[in-house]
Each structure stands twice: as C-alpha cells, then as structure tokens.
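Rule-based calculations on the coordinates, nothing more; no lab input. Please read all numbers here as calculations on a predicted model, not as lab measurements. Positions of Cβ are backbone-derived with ideal geometry, glycine not excepted, and every protein chain shown enters the neighbour counts.
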C-alpha cells in the first residue's frame, strides 16, 4: 500500500489511516459521512484534500485501506515467528496470546474486517481475494503448527486444516463478548483461550 511512496507520503498515509481508524471507532462506519471523514483527516494530518479524495474516493475505499493494513500487520507478525526453540504447544500458545493482544489493540479494524469481507466477496472480488489471501496464509501457518503437533503426539486432531479453521473462528469470537469491565484482564482472557484451544479443541494432554 505504501511501498511506492516517498517517506513523507508514506507517513501521511499512515497518519491518515490512523485518523480514519479513530473516527470509525468513535462514530462507527455508518455514523460519519465521507465529507466529514475527509475534512477531519486533512485537518489532523495536513494531507492534501484532492490527493486524499483521489486515493480514497468512497468511504468503503477508506475502510478497506484501514482493514488491509491491520490484517497485513497481524499476519506478517504471526508468520514471522519461526518457532525455534519452542515445541508446537508453545508456539500455538504464544500465537494465541499475541492474537488476543493484537485484537485488543486493533479492535476497530478486527470488527471492520469481519463486516467487510462478506460485502467485498459480492461487490469487489479482487479486494476480497487480497484480504482472503492474507487470512489463508494465517490459516496455513496455524495448520502447520497443528500438523507438527500431531506428528509429535502433542495434538490429537483428525484434520489439521479443519482444526486451524476452528482456531481462527474461536479467536474471532472474542469480538462477540469480551468487555474489560467484566473483570477479566487480557492475560486472564489469553489463559482462557489457550486452555480452550490447546487442551479442549486440539486434545493436548494436561501435564
């Protein structure tokens, strides 16, 4: 997204997406019109109005850019974990904890991605495929960890691919219910999800 931009332009792009993210978090996607979005972004970042409208002609273009950046950041970070010297249980546990931390820091983008993907599949297949390919890489990474765990006897699943899909669906479920005011801290939430996924879904014996 920013590979062909100068450092100055890339910084402005990042600042623009940061501002858009805050506005979406505060107002919701449908709670703020495009004119207000553009006005606020240019006011906060100093971005050129015409260039901003050229880059993001519609609100969906801006939402997509925010979601793509977040998704790419998540997947790149998770795939960058080589795993050594941890065993598959340690690798997956760490992945779960990182995902939860990321989800909390990028709560708005995670919710936007979940809402955006079905719409893109219908109206913009190319953009859908780009997001889908990132998530498929994430799925394959998790599947690889589970496959290794199966071969070592740490996990007990019939289909690593299906199990990886369940892991992602389980992690996605955090958006449905977690409220920090409920008394569960993020580390405690991570403990719950590690236990649920590693021991209950994947059958890892408890020590």
Inset, instruction - Any chance you could run the full-extension gain for residue 130 through residue 104? It's 0.36 nm times the residue separation minus the Cα-Cα distance, nm to one decimal. - result: 7.0 nm
Inset, instruction - Return one number: the angle in degrees, 0 to 90 and rounded to the nearest 10, between the long axis of the Cα atoms of helix 107-123 and the longest principal axis of the Cα atoms of the chain. - result: 80
Inset, instruction - Neighbouring Cβ atoms within 10 Å as the yardstick, rank 167, 198 fewest first. - result: 198, 167
Inset, instruction - Return the label of the correct value of Rg/Rh (Cα atoms, Kirkwood Rh), as calculated from the structure shown, out of [x] 1.02; [y] 1.23; [z] 1.00. - result: [x]
Inset, instruction - Pop a pseudo-label 7 angstrom from the Cα along the beta-carbon direction at both residue 169 and residue 25 and give the gap in nm to one decimal. - result: 3.0
Inset, instruction - Describe numerically, in nm with one decimal, the distance between label points set 7 Å from Cα along Cα→Cβ at residue 191 and at residue 123. - result: 4.4
Legend entry - Base-10 log of normalised Debye intensity for the range 52-118 (one unit scatterer per alpha-carbon) at q = 0.22, 0.28 Å⁻¹: -0.92, -1.18
Legend entry - q = 0.14 Å⁻¹, the range 88-207: log10 I(q)/I(0) [Debye, one scatterer per Cα]: -0.64
Inset, instruction - Return one number: the angle in degrees, 0 to 90 and rounded to the nearest 10, between the long axis of the Cα atoms of helix 59-79 and the longest principal axis of the Cα atoms of the chain. - result: 30
Legend entry - Structure-based [θ]222 nm, the chain - -39500 (n - 2.57) summed over DSSP H runs of at least 4, per residue, nearest 500: -23500 deg cm²/dmol
Legend entry - the range 152-206 - percent relative contact order, Cα under 8 Å, separation 6 or more: 64
Inset, instruction - Whole Å is fine, so just give me how far the alpha carbon centre of the range 150-190 lies from that of the range 47-110. - result: 18
Inset, instruction - Go ahead and run the numbers for FRET between residue 32 and residue 54, Cβ-Cβ distance against an R0 of 25 Å, rounding to 0.05. - result: 0.80
Inset, instruction - Counting only C-alpha contacts under 8 Å and six or more residues apart, can you give the relative contact order of the chain as a whole percent? - result: 20
Inset, instruction - Compute the long axis of helix 160-172 from its Cα atoms, compare it with the longest principal axis of the Cα atoms of the chain, and write down the angle in degrees, 0 to 90, nearest 10. - result: 50
